[in-house]
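For reference, the structure discussed in these notes is given below.
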Amino acid sequence: MSSKVCVYVDHFQGRSSPASWEAIGVATKIGETLGGGVAAIVLGEKVEELAKHAIEHGADEVLLVDDASLKDYIPETHASVLSKLVTDAGAEVLLLPTTDRTRELAGMVAVDLETGVTPDVVDVEVKDGALIATRPIYAGKLMTKETCTTKPHVLTLRGRAFPKPEPETGRSGNVNKVDVKVEAVTTEVLGYGESEAGVTLSDAATIVSGGRGVSNNPKLEPPAEITVEQEQEIWRAQQGFELVRSLAGVLGAAVGASRAAVDAGYIPYINQVGQTGKVVSPDLYIACGISGAIQHLAGMRTSKNIVAINKDSEAPIFKLARFGVVGDLFDIVPPLTSALKERLGK
Amino acid sequence: MNIVVCVKQTPDTAATVTVSDGEVSWGDAPLVLNPWDEYAVEQALLSKEAHGGKVTAISLGSEGAKDALKQALAMGCEEAILINDPAFENADSLVVSKALAAAITKLGEIDLAFFGRQAVDSDTGVTFAQVARRLGWPALSLVAKVEALDPGAGTIAVERMLGSARQRLQTKLPAVVSVVKEINEPRYPSFMGIRKASKAEIPVWSKADIDLAEVPEAALRWPEIFAPPKIETECEFIEGETAEEVANKLADRLVEEKVI
Ligand SMILES: Cc1cc2nc3c(=O)[nH]c(=O)nc-3n(C[C@H](O)[C@H](O)[C@H](O)COP(=O)(O)OP(=O)(O)OC[C@H]3O[C@@H](n4cnc5c(N)ncnc54)[C@H](O)[C@@H]3O)c2cc1C
Ligand SMILES: Nc1ncnc2c1ncn2[C@@H]1O[C@H](COP(=O)(O)O)[C@@H](O)[C@H]1O
């Protein structure tokens, strides 16, 4: 069977990114117009479960390479296998969800196949048999439509930009176990650092973020043994982020931060939202003590609903906010956490 | 060590960017060294300072991109090269990667090539991977920490970002490394550095200079560039006598509007 659209199912040690299923949803739509089926590509070791999920989310078939050499993600290995599968399938389009793994993967496959790659796509249409992909440039200040003169057109799709198809349990489809010779590469995996706990920012439906303002609670007295001013500030900020975390906990939200908070050492870089951090697009984004600098807005301006809590009524974040509270976050966040807890019956 | 760092010139991130008749404009906002590339330059310099050798900064761009290269020189790079040729005018990442890979090959005997995570104008974030692929070198991407660099053994070990996890990798040189902000704190150019850079003559390489007889056409076309629909929001300010009252009102509104 020829599959005109291939979808790469991205996962970390068997845990899939939800955006992979969104990509299958897009593929199904494109497939209807282009004709030809949707093939999901699953690479890894002991990942048959993912193949099943891909079928349930709408793939017509799965190309499964289950091999010990694919246990760890290594770009060169994965790119080579992916290029081969996409070529053999005769795909016109290759879709990948946008993650920390897939931009490079998409780029490498595009080199292997001498074709165009369009990253972080937020909209796709088919016109006269040709694919048109829309994506943000200049950190979302502009948008561009891109088409590709060669095949396949390689696209990575921004998470949460497309609806996730409802899985249909028991849906049937072919899982083809493909034997691909995996070439040895020079890169070896030494291990994994501790993975950050909690909800991943880019997948989150709700995000609660803190900025420089979270360190700004003069009422808090640091313990006597902390005498250095910078450490006192960090201590105060950590107390502030505890409030942010409690609120996030009630909402099942991920915790975000401004660059100012990250640079001051209040919270790790992995939590940074913005132009030089993560680009997110949740249903609800609550900004606590964040002014709304253009580089921060670049990372969260497409959030569906923005709530801002800031002492300064002139803070630019309010221009984007649907709901705003002018006030001290240390006064507002604790009762807000309780109130939401009550409303959500937790 | 012989180190390369690839840098791009981009409009300042604070610029207001507009488009009219397909022409993008950033008004009189300054053009700067792509912010991500500052971290790449810094890491190249740190590697050189630890192990000796030299750093060459390469940029593909217009004549004006020499300013970005001068910034890299002022920070401490020994040499800079501008790739400029009409053949690269409508380049996509496929073409840019071809040119950069050809320039790195031309330089010869390179141990490491550093890149930023992403250019803040095109927001592509794939060029480093494509250059690595063209060179046949391993790519260590989104590197947050260099754990060990051993030019004698010809190895490098790093920690890379991988979603919510971190992966520790080791590979053989030569390699391509793309860096994220966490890796270091870029230095400010010294006064001496700025003076030296301002006097530097930056060589310009054409496609012939990097031995590219044929530059392929870009695979991508951009039929339309447009401003995103303006987000029309009227902020509803929640007020009350006490914090509790405000918090409860806000919670109620979020429930009423089905936000939660
Ligand atoms: C190249 C470049 C890239 C950048 N990338 C990013 C990026 O990716 N992400 C990012 O966020 N920034 C980025 N920045 C930085 C950005 O310009 C701002 O400096 C940063 O976003 C400011 O963070 P902030 O809002 O937390 O701090 P501030 O601007 O200092 O704002 C703090 C806010 O908290 C409020 N506040 C203080 N105390 C309280 C209190 N008790 N209760 C309520 N409110 C309070 C204040 O009124 C103020 O509005 C970048 C900058 C550059 C130049
Ligand atoms: N025109 C260019 N000249 C030199 N380096 C570049 C150029 N374009 C991109 N790069 C490098 O590739 C990285 C990723 O860019 P991009 O894939 O365009 O987002 C940048 O951070 C630079 O290090």
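Take the residues in region B:73-97 that are buried (at least 23 other Cβ atoms within 10 Å of the Cβ), part of a helix (DSSP H, G or I) and not aliphatic (A, V, I, L, M); name whichever of them is nearest to ligand 1 (Cβ to nearest atom).
Looking at the filtered set, the residue picked out is B:S93.
Checking the condition free of Cβ contacts under 8 Å to residues at least 40 places away in the same chain, crowded, with 16+ Cβ neighbours inside 10 Å and outside any loop (DSSP other than H, G, I, E, B), which residue from B:V32, B:V41, B:V19, B:V4 passes?
On the way: B:V41 fails: free of Cβ contacts under 8 Å to residues at least 40 places away in the same chain; B:V19 fails: free of Cβ contacts under 8 Å to residues at least 40 places away in the same chain; B:V4 fails: free of Cβ contacts under 8 Å to residues at least 40 places away in the same chain.
When all the criteria are applied, what remains is B:V32.
Right, A:A59: more than 9 Å from chain B (Cβ to nearest Cβ) and touching a residue at least 24 places away in the same chain (Cβ under 8 Å) or not?
Yes.
Please list, ordered by first then second residue, the pairs with beta carbon atoms under 8 Å, 6 or more apart or interchain, first in region A:177-197 and within 7 Å of chain B (Cβ to nearest Cβ) and over 20 Å from A:V42 (Cα atoms), second surrounded by fewer than 16 Cβ atoms within 10 Å (Cβ to Cβ) and modelled with pLDDT of 95 or more.
A:T186/B:K172
Within region A:209-235, count every residue that is touching a Lys or Arg at 6+ places or on another chain (Cβ under 8 Å) and not in a helix (DSSP H, G or I).
4
I'm checking my understanding of the structure. Among residues of region A:261-272 that are surrounded by 21 or more Cβ atoms within 10 Å (Cβ to Cβ) and farther than 14 Å from A:I207 by Cα, which one is farthest from ligand 2 (Cβ to nearest atom)?
My answer is A:Y266.
How many residues are within 7 Å of chain A (Cβ to nearest Cβ), in contact with a Gly (Cβ under 9 Å, 6 or more places away or on another chain) and of a type in the set (D, E, K, R) when one looks only at region B:230-260?
1
Tally the residues that are at the interface with chain A (Cβ under 7 Å from one of its Cβ atoms) and within 16 Å of ligand 1 (Cβ to nearest atom), restricting the search to region B:116-143.
6
For A:T186, all conditions in the list (1) loosely packed, with under 14 Cβ neighbours inside 10 Å; (2) not aliphatic (A, V, I, L, M); (3) not assigned by TED's automatic domain parsing to the domain that holds A:P75 hold save one; what is the number of the exception?
Failed condition: (1).
Let's see how each residue does on (1) away from ligand 2 (no atom under 16 Å from the Cβ); (2) over 29 Å from A:K141 (Cβ atoms); (3) crowded, with 24+ Cβ neighbours inside 10 Å:
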| position | (1), (2), (3) |
| --- | --- |
| A:Q230 | yes, yes, no |
| A:L243 | yes, yes, no |
| A:A253 | yes, no, yes |
| A:H296 | yes, no, yes |
| A:S303 | yes, no, yes |
| A:D312 | yes, no, no |
| A:L320 | yes, no, no |
| A:L340 | yes, yes, no |
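Part of a strand (DSSP E or B) and within 18 Å of the chain's Cα centre (by Cα): is that true of A:V280 in this structure?
Numbers: part of a strand (DSSP E or B): no; within 18 Å of the chain's Cα centre (by Cα): yes.
In short, no.
For region A:122-135, which residues satisfy the criterion of being crowded, with 21+ Cβ neighbours inside 10 Å and over 17 Å from A:E22 (Cα atoms)?
Passing the criteria: only A:L131.
Tell me the residue from A:S258, A:S246, A:S303, A:S313 that is farther than 30 Å from A:A19 by Cβ, of a type in the set (S, T, Y) and modelled with pLDDT of 95 or more, please.
Just one listed residue meets the conditions, A:S313.
Can you spot a residue in region A:249-265 that is near ligand 1 (Cβ under 8 Å from one of its atoms) and in contact (Cβ under 8 Å) with a residue 60 or more places away in the chain?
No; the residues of region A:249-265 include none that is near ligand 1 (Cβ under 8 Å from one of its atoms) and in contact (Cβ under 8 Å) with a residue 60 or more places away in the chain.
In this structure, does A:E233 turn out to be over 30 Å from A:N305 (Cβ atoms) and more than 14 Å from every other protein chain (Cβ to nearest Cβ)? Please lay out each step first, then the result.
Numbers: over 30 Å from A:N305 (Cβ atoms): yes; more than 14 Å from every other protein chain (Cβ to nearest Cβ): yes.
Taking the combined requirement at face value, the residue satisfies it.
Please enumerate the residues belonging to region B:118-144 that are of a type in the set (K, R) and buried (at least 24 other Cβ atoms within 10 Å of the Cβ). Spell out the reasoning first.
Filtering region B:118-144 down to residues of a type in the set (K, R) leaves B:133-134.
Selection gives B:R133 alone.
Any idea which residue in region B:87-115 is nearest to the other protein chains (Cβ to nearest Cβ), counting only those that are closer than 27 Å to B:L162 by Cα, free of Cβ contacts under 8 Å to residues at least 40 places away in the same chain and not polar (S, T, N, Q)?
Result: B:A101.
Can you name the number of the only condition in (1) crowded, with 22+ Cβ neighbours inside 10 Å; (2) modelled with pLDDT under 95 that B:V177 fails?
Of the numbered conditions (1) crowded, with 22+ Cβ neighbours inside 10 Å; (2) modelled with pLDDT under 95, the odd one out for B:V177 is (2).
Here's a check for you: in region B:153-185, which residue that is among the polar types (S, T, N, Q) and over 17 Å from B:H51 (Cα atoms) is farthest from the other protein chains (Cβ to nearest Cβ)? Even if it seems obvious, please write down each step before you answer.
Restricting attention to region B:153-185, the residues satisfying the condition of being among the polar types (S, T, N, Q) are B:155, B:164, B:167, B:170-171, B:178, B:184.
Remaining after also requiring over 17 Å from B:H51 (Cα atoms): B:164, B:167, B:170-171, B:178, B:184.
Details: B:S164: 5, B:Q167: 6, B:Q170: 5, B:T171: 4, B:S178: 8, B:N184: 12 Å.
This residue is B:N184.
Within 9 Å of chain A (Cβ to nearest Cβ) and more than 22 Å from B:W36 (Cβ to Cβ) - does that describe any residue in region B:186-195?
No, region B:186-195 contains no residue that is within 9 Å of chain A (Cβ to nearest Cβ) and more than 22 Å from B:W36 (Cβ to Cβ).
Out of B:A29, B:A14, B:A68, B:A40, I need the residue that is within 16 Å of ligand 1 (Cβ to nearest atom), in contact with a strand residue (DSSP E or B) (Cβ under 7 Å, 6 or more places away or on another chain) and over 21 Å from B:V179 (Cα atoms). Which one? Outline the logic, then answer.
Values: B:A14 fails: in contact with a strand residue (DSSP E or B) (Cβ under 7 Å, 6 or more places away or on another chain); B:A68 fails: over 21 Å from B:V179 (Cα atoms); B:A40 fails: over 21 Å from B:V179 (Cα atoms).
Matching residue, one of B:A29, B:A14, B:A68, B:A40: B:A29.
Could you run through region A:77-120 and say how many residues are over 22 Å from the mean Cα position of the chain (by Cα) and closer than 25 Å to B:A165 by Cα?
Of the residues in region A:77-120, 3 are over 22 Å from the mean Cα position of the chain (by Cα) and closer than 25 Å to B:A165 by Cα.
The values are calculated or read from the model by the stated rules, or taken from the named source; none is laboratory data. Source: prediction; values computed, not measured. We place every Cβ from the backbone using ideal geometry, glycine too, and count neighbours over all the protein chains shown.
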